[in-house]
1. What residue, among those in region 81-101 that are charged (D, E, K, R) and over 19 Å from the mean Cα position of the chain (by Cα), is farthest from residue 58 (Cα to Cα)?
2. May I ask you to list the residues in region 154-188 that are in contact (Cβ under 8 Å) with a residue 24 or more places away in the chain, outside any strand (DSSP E or B) and within 21 Å of residue 34 (Cα to Cα)?
3. Before we move on, is residue 61 modelled with pLDDT under 95 and under 20 Å from residue 36 (Cα atoms)?
4. Within region 63-87, count every residue that is assigned to a strand (DSSP E or B) and closer than 19 Å to residue 121 by Cβ.
5. Being farther than 20 Å from residue 62 by Cα and charged (D, E, K, R) is the filter; apply it to region 102-128 and report the residue that is surrounded by the fewest Cβ atoms within 10 Å (Cβ to Cβ).
6. For region 83-101, state whether one or more residues are without any contact (Cβ under 8 Å) to a residue 24 or more places away in the chain, of a type in the set (S, T, N, Q) and exposed (fewer than 13 other Cβ atoms within 10 Å of the Cβ).
7. Which one of these does residue 102 not meet: (1) under 21 Å from residue 25 (Cα atoms); (2) in contact with a Lys or Arg (Cβ under 8 Å, 6 or more places away or on another chain); (3) part of a loop (DSSP other than H, G, I, E, B); (4) among the β-branched types (Val, Ile, Thr)?
8. When region 42-82 is examined, which residues are found to be surrounded by fewer than 12 Cβ atoms within 10 Å (Cβ to Cβ), basic (Lys, Arg) and in contact (Cβ under 8 Å) with a residue 40 or more places away in the chain?
Amino acid sequence: MKKTISFLMIFFLVISLFAGNDNDILNKISAAGKKHTSVESKFTHIRTNAAKVKVEMNGSLTFKAPGQLKMTYTKPATDRFVLDGNKMQVIANGKEVKYDLTKNAPMKKLANFLCQAFTGQVESIATANNANYSIKDDGKYYVVTLTAKKKAAQGFARIVLSYKKTDCALMKMEMEEFNHLINSYELH
């Protein structure tokens, strides 16, 4: 009986240590995110469709908190994504679409997600996407995986955010939609 009680005490102690570790990492990412108010970087974007066909794109990115993001593609050279407060502009394949985010909830959700990823607001992303999250330390990155609690018509089935351990800067972002389209971004 004493062995069973000792085992259970150790088991619950280990579980509480791991739970505390996740909270410590989240707090560290969030605190660093408040300092990352401006980011400039080259990036690689790989889009993978449901048939596993990959398309690689490249460009440069500028982010300014709270809500400005500009992605200018060099490959393909005509593509662009611009978020400025409540306005979003997407130019892809020579076609331009503008969104008023005060009137378009799905695009507003996307805009919020992107800004929250850069500023380390993992719990806000999880809440907005009705997702559970887990955190692992892979040695180089804190890897946060958000998984949707249930399938939906729109949104993300899975989001993976990789923050550099040294300064908790967002370095990788992967988003898988329910239709199995995957968009992966890596900052350089």
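The values are calculated or read from the model by the stated rules, or taken from the named source; none is laboratory data. This one's a predicted model, so the numbers in the text were calculated from it and none came from an experiment. Here the Cβ positions follow ideal geometry from the backbone for every residue, glycine too, while neighbour counts run over all protein chains shown.
1. 100
2. 165, 167, 168, 169, 188
3. no
4. 5
5. 103
6. yes
7. Result: residue 102 passes all but (1).
8. Of everything in region 42-82, nothing turns out to be surrounded by fewer than 12 Cβ atoms within 10 Å (Cβ to Cβ), basic (Lys, Arg) and in contact (Cβ under 8 Å) with a residue 40 or more places away in the chain.
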